[in-house]
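Novice: Questions regarding the structure given below will be posed in turn.
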Amino acid sequence: MAGDKVEKLPRKTYEKELLRLQMELAKLQEWVRAEDARLVVIFEGRDAAGKGGTIKRVTEHLNPRVARIAALPKPTERERSQWYFQRYIQHLPAAGEIVLFDRSWYNRAGVEQVMGFCTKEEYQLFLRQCPLFERMLVEDGILLRKYWFSVSDEEQQDRFRRRLEDPLRRWKLSRMDLESITRWEEYSRAKDQMMVHTDITEAPWYVVESDDKRRARVNMIAHLLGSVPYQDVLPPVLDLPERPDATGYERPPRHLQNYVPDHAANL
């Protein structure tokens, strides 16, 4: 899609639809809890493809005790000696939970393969074992959804440039992220190989075109909602109790406690 210009979704249209979808996500969350379902959503793609922003919108109004994000750091020495999938297994959901993987076991098929962080034998073993691993997850009842966020090289470079100039987003960039610019074709070949081996019937890949972040977010969320057979779960009836009459409690004097200064008063 290099060279193609994507028409941006108007902000008002985006915000209206995003709010509607987030209300549906809240219903999905309650269904997952009520049905003791286990939902895993994998977010993969190139650096600056919009994964993090989409995850943020997915979880914005959800209960963090139900929907949690798994964003693992680089493996420790001990984890490097384990079976590759072992460190990810402990983050899989229990009954009534949703886990969003901000990158996942597919690190081995992408950055580890391209940057030489794994051996050729480890990479080939991953390609053989990954479909078996995911089939076991699905056979055990886990709802597994996999999304690849696709961004053009021009748009990625523009986003990198904006991040470099923005002190609030500068932390999102690393030297390895910038090096990915010089390895565009290598990452493309690695992604193609990954798709050939791991785009399986039980757990297919879904590609999200993400040159327009707004479109990517609503498209991905709408697809996720449409792929899960959730139903509206009636919440329990709650009644706000009457506040009881005072029984003589007196608040301690203010000077006995440390209060945060009223910074807002000086604005």
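The values are calculated or read from the model by the stated rules, or taken from the named source; none is laboratory data. The shown structure was predicted, so the numbers you read here are calculated from the model rather than taken from an experiment. In this analysis, Cβ positions are derived from the backbone assuming ideal geometry, glycine residues included, and neighbour counts consider all displayed protein chains. Keep in mind that these areas ignore ligands, DNA and RNA; they rest on the heavy atoms of the full protein, side chains included. Shrake-Rupley method; radii C 1.70, N 1.55, O 1.52, S 1.80 Å.
Novice: Could you go through the stretch 87-96 and let me know if any residue there is modelled with pLDDT of 95 or more, under 26 Å from Tyr230 (Cβ atoms) and among the hydroxyl-bearing types (Ser, Thr, Tyr).
Specialist: yes
Novice: Is it fair to say Ala26 is free of Cβ contacts under 8 Å to residues at least 40 places away in the same chain, of a type in the set (A, V, I, L, M, F, W, C) and surrounded by fewer than 20 Cβ atoms within 10 Å (Cβ to Cβ)?
Specialist: Yes; evaluated as a whole, the condition is true for this residue.
Novice: Related question: Quick one: is Ser227 farther than 19 Å from Leu39 by Cβ and open to solvent by less than 50 Å² (accessible area, probe 1.4 Å)?
Specialist: The answer is no for Ser227.
Novice: Also, I was wondering about something else. Where residues in the stretch 109-124 are more than 17 Å from Gln82 (Cα to Cα) and among the β-branched types (Val, Ile, Thr), which of them is surrounded by the most Cβ atoms within 10 Å (Cβ to Cβ)?
Specialist: If we take residues in the stretch 109-124 being more than 17 Å from Gln82 (Cα to Cα) and among the β-branched types (Val, Ile, Thr), then Val111 is surrounded by the most Cβ atoms within 10 Å (Cβ to Cβ).
Novice: Quick check on my filter: what residues within the stretch 38-68 are among the polar types (S, T, N, Q) and either under 21 Å from Glu209 (Cα atoms) or crowded, with 22+ Cβ neighbours inside 10 Å (or both)?
Specialist: Thr54, Thr59 - these are the residues of the stretch 38-68 that are among the polar types (S, T, N, Q) and either under 21 Å from Glu209 (Cα atoms) or crowded, with 22+ Cβ neighbours inside 10 Å (or both).
Novice: Those residues that are part of a helix (DSSP H, G or I) and free of Cβ contacts under 8 Å to residues at least 12 places away in the same chain, I need them from the stretch 86-103; list them, please.
Specialist: Gln86, Ile89
Novice: With surrounded by 14 or more Cβ atoms within 10 Å (Cβ to Cβ) and farther than 30 Å from Trp83 by Cβ as the only criterion, which of Arg159, Arg145 stands out?
Specialist: Just a single option satisfies the conditions, and that option is Arg159.
Novice: Given the options Leu137, Leu127, Leu168, Leu132, name the one that is open to solvent by 70 Å² or more (accessible area, probe 1.4 Å) and part of a helix (DSSP H, G or I).
Specialist: The unique qualifying residue is Leu132.
Novice: Next question, about the same structure. When you look at Ile181, is it part of a loop (DSSP other than H, G, I, E, B), among the aliphatic types (A, V, I, L, M), out of contact with any Ser or Thr (no Cβ under 7 Å at 6 or more places or on another chain) and open to solvent by less than 70 Å² (accessible area, probe 1.4 Å), yes or no?
Specialist: In short, no.
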